[in-house]
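Note sheet for the following structure.
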Amino acid sequence: MATLSVTAPQRSVLGGAMIIGGTIIGAGMFSLPVVMSGAWFFWSVAALIFTWFCMLHSGLMILEANLNYPVGSSFNTVTGDLLGKHWNRLNGITIAFVLYILTYAYISASGSVIQHTLREMSVSFSPRLGGLLTALVVAFIVWLSTRAVSRMTAIVLGAKIIAFFLTFGSLLWHVKPVNLLNSVEINPSYMPYVLATLPFCLASFGYHGNVPSLMKYYGKNPQIIKKCLLLGTLMALGLYIIWMLGTMGNIPRPEFIGIAERGGNIDVLVQSLSQILNSAGLDLLLTIFSNFAVACSFLGVTLGLFDYLADLFTFSDSRTGRFKTALVTFVPPIIGGVIYPDGFIYAIGFAGLAATVWAVIVPALMARASRQRFGSPLYRVWGGNKMIVLVLLFGVLNAVVHILSSVNLLPVYR
């Protein structure tokens with residue numbers, strides 16, 4: 001095991017925060033207004049804040065455990081050593097499932113967005129081809145290096161934030177209190193739909209695969225990495241709340257039923273907003289933003305999958321080794337995206353169930369085992385055992401909710 005003094009050159013917190021924020025703030029946010037339309041705005045915001053708090057601390061628990069291992073160690077190494085082969089096998093299956101299915105989701109989303117973008121220019125383009133080309137570009141960037149991903153993510157996220165505020169400045173200007181407060185419906189019901197939103201909230205705060213990547217980037221510097229996680233997740237929370245305000249304040253609640261019935265993909269939601277606001281300029285901004293949103297999350301998610309697979313298969317960090325890792329990372333989801341290009345909303349939902357294991361339950365168990373063995377010499381998440389129990393309960397609640405939803409035992413807003 002490497003000594004605990006391993007460090008990397010000092011690098012800006014902003015780069016790491018951009019990787020985290022860019023991974024979180026992406027195409028997944030387009031599913032939120034659709035799946036949260038039953039709970040509506042205020043209950044949805046409460047669910048987002050609670051999820052943010054738990055997901056931030058589960059990420060910090062990964063950091064706490066990871067710091068006791070050599071730089072470059074990912075979940076396969078840490079989980080196997082701390083929790084044993086059975087937990088490691090289960091964790092490995094769920095990590096691979098989540099990151100692969102999210103990579104597939106972003107291939108699906110990128111194809112949809114590119115098709116919608118070119119359709120606005122009266123150009124016919126296959127979503128399958130759009131997803132394939134985007135995946136190849138992202139694969140090349142991830143193959144280059146973590147620094148290349150960080151720089152590209154910073155550029156794309158910066159452009160996305162500019163497009164976000166240009167877009168939602170217009171959206172917020174058009175917000176109607178009658179829509180946001182849902183004043184038209186008589187005796188509306190919200191609370192029965194809140195539980196069903198939690199797995200989607202969880203999936204929309206997924207960045208945990210990037211924690212080991214940040215340790216490779218910054219070395220064993222927990223305070224800087226902690227700041228990256230805090231800033232990146234807060235950035236996501238703030239933008240999510242603005243996004244919910246802009247969409248739910250413009251689209252009446254009953255109209256989300258039709259959006260969900262048409263698949264709930266990005267282009268459907270963008271079309272609905274454009275039709276309601278009847279603004280060509282806003283339609284263009286929404287289209288630009290959706291392109292940046294997909295690209296940003298695509299980069300972050302695939303970097304986490306890339307580093308996990310490199311650790312799992314012990315591929316070297318050479319050009320040849322990274323090429324092997326890139327093949328294993330991108331070929332399976334590309335095949336899925338070509339065969340079935342319209343699975344975005346379903347993929348996000350299933351990712352929430354599997355992410356419950358590796359992004360919530362396992363990190364809490366790892367932090368507990370790490371404290372027992374190492375005493376957390378470099379960093380310990382605040383809150384003691386109570387915080388571990390809270391995160392564990394949050395994970396179990398999400399798993400139960402997803403299972404109940406799968407067997408139609410939770411109400412669905414229709």
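Taking amide H positions as modeled 1.01 Å from N, with prolines and chain starts lacking one, the residues under 5 Å from Gly219 and 5 or more places away or on another chain are Ala8. Figure note: Lys220, Lys386 ranked by solvent-accessible area, largest first, 1.4 Å probe, ligands and nucleic acids not counted: Lys386, Lys220. When the helix-only estimate is applied to the chain (DSSP H runs of n ≥ 4, each -39,500 (n - 2.57), divided by the residue count), what is the mean residue ellipticity at 222 nm, nearest 500 deg cm²/dmol? Mean residue ellipticity at 222 nm (helix-derived): -25000 deg cm²/dmol. Computed from the C-beta positions of Tyr190 and Val137, the FRET efficiency with R₀ = 45 Å rounds to 0.60. Take segment 1-144 with all the other protein chains still there, run a 1.4 Å probe, and you get 35 Å² of accessible area per residue. Let me know the shape class of segment 104-162, please: from the alpha-carbon gyration tensor, a ≥ b ≥ c as square roots of the eigenvalues, rounded when a/c is under 1.5, otherwise prolate if a/b is greater than b/c, or oblate. Cα axes put segment 104-162 in the oblate bin. A 1.4 Å probe run over segment 366-413, with the rest of the protein chains in place, finds 57 Å² accessible per residue.
Karplus-derived 3J(HN,Hα) values for segment 372-379, using 6.51 cos²θ - 1.76 cosθ + 1.60 with θ = phi - 60°, are 5, 8, 9, x, 6, x, 9, 6 Hz; glycine and proline are entered as x. The local environment of Phe256, defined by Cβ-Cβ distances under 13 Å, has a net charge of 0 under the rule Lys, Arg +1 and Asp, Glu -1. Atom-type composition of the exposed protein surface of the chain places 68 percent of the accessible area on carbon and sulfur (1.4 angstrom probe). Between 0 and 90 degrees, rounded to the nearest ten: what's the tilt of helix 280-313 against the longest Cα principal axis of the chain? Approximately 20 degrees, to the nearest ten. Electrostatic bookkeeping for Ile95 treats Lys and Arg as +1 and Asp and Glu as -1; over the other residues with beta carbon under 14 Å from its beta carbon, the sum is -1. The Cα center of segment 200-273 and the Cα center of segment 35-84 differ in position by 14 Å. Per-residue 3J(HN,Hα) values for segment 18-24, derived from phi via the Karplus relation 6.51 cos²θ - 1.76 cosθ + 1.60 with θ = phi - 60°, read 5, 4, 5, x, x, 5, 6 Hz in sequence order (x marks Gly and Pro).
Under 5 Å between amide hydrogens, built in the peptide plane, is the criterion, and for Ser74 it picks out nothing among residues at least 5 positions away or on other chains. Between Lys85 and Val328, the C-beta separation translates, for a Förster distance of 22 Å, into a calculated FRET efficiency of about 0.55.
The accessible-area ordering, largest first, of the residues Glu255, Glu185 stands as Glu255, Glu185, per a 1.4 angstrom probe.
Of the residues Leu410, Gly384, Leu202, the one whose Cα sits farthest towards the positive end of the charge dipole of the chain is Gly384 (charges of +1 on Lys and Arg Cβ, -1 on Asp and Glu Cβ, taken about the Cα centre). For segment 393-404, backbone phi angles converted through the Karplus equation (6.51, -1.76, 1.60; θ = phi - 60°) give residue-by-residue couplings of 5, 4, x, 4, 4, 4, 5, 5, 4, 5, 5, 4 Hz, Gly and Pro being listed as x.
Between Leu393 and Ile155, the simple label model (points 7 Å from Cα in the Cβ direction) yields a spacing of 4.7 nm. Taking all protein chains as they are arranged and a probe of 1.4 Å, the heavy atoms of Ile19 leave approximately 0 Å² accessible to solvent. If you take the square roots of the eigenvalues of the alpha-carbon gyration tensor of segment 37-195 and sort them as a ≥ b ≥ c, do you get rounded (a/c under 1.5), prolate (a/b over b/c) or oblate? It is oblate, given that a/c is not under 1.5 and a/b is not larger than b/c.
Note on Leu136: accessible area is roughly 100 Å² with a 1.4 Å probe, heavy atoms of protein only. For the pair Phe53 and Lys176, a Förster radius of 45 Å applied to the C-beta separation gives a FRET efficiency near 0.90, rounded to the nearest 0.05.
Phe292 contributes about 70 Å² of solvent-accessible surface, heavy atoms of the protein only, 1.4 Å probe. Amide H to amide H, with H built 1.01 Å from N, Leu181 comes under 5 Å of no residue 5 or more places away or on another chain. About the centre of its Cα atoms, the chain shows a dipole size close to 1060 debye [charges on the beta carbon of Lys, Arg (+1) and Asp, Glu (-1) only; nearest 20 debye].
The values are calculated or read from the model by the stated rules, or taken from the named source; none is laboratory data. Fair warning: this is a prediction, and the values are worked out from it, not measured in the lab. Note: ideal-geometry Cβ built from the backbone for every residue, glycine included; neighbour counts use all protein chains shown. These area figures cover heavy atoms from the full protein model, side chains too; ligands, DNA and RNA do not enter into them. Shrake-Rupley method; radii C 1.70, N 1.55, O 1.52, S 1.80 Å.
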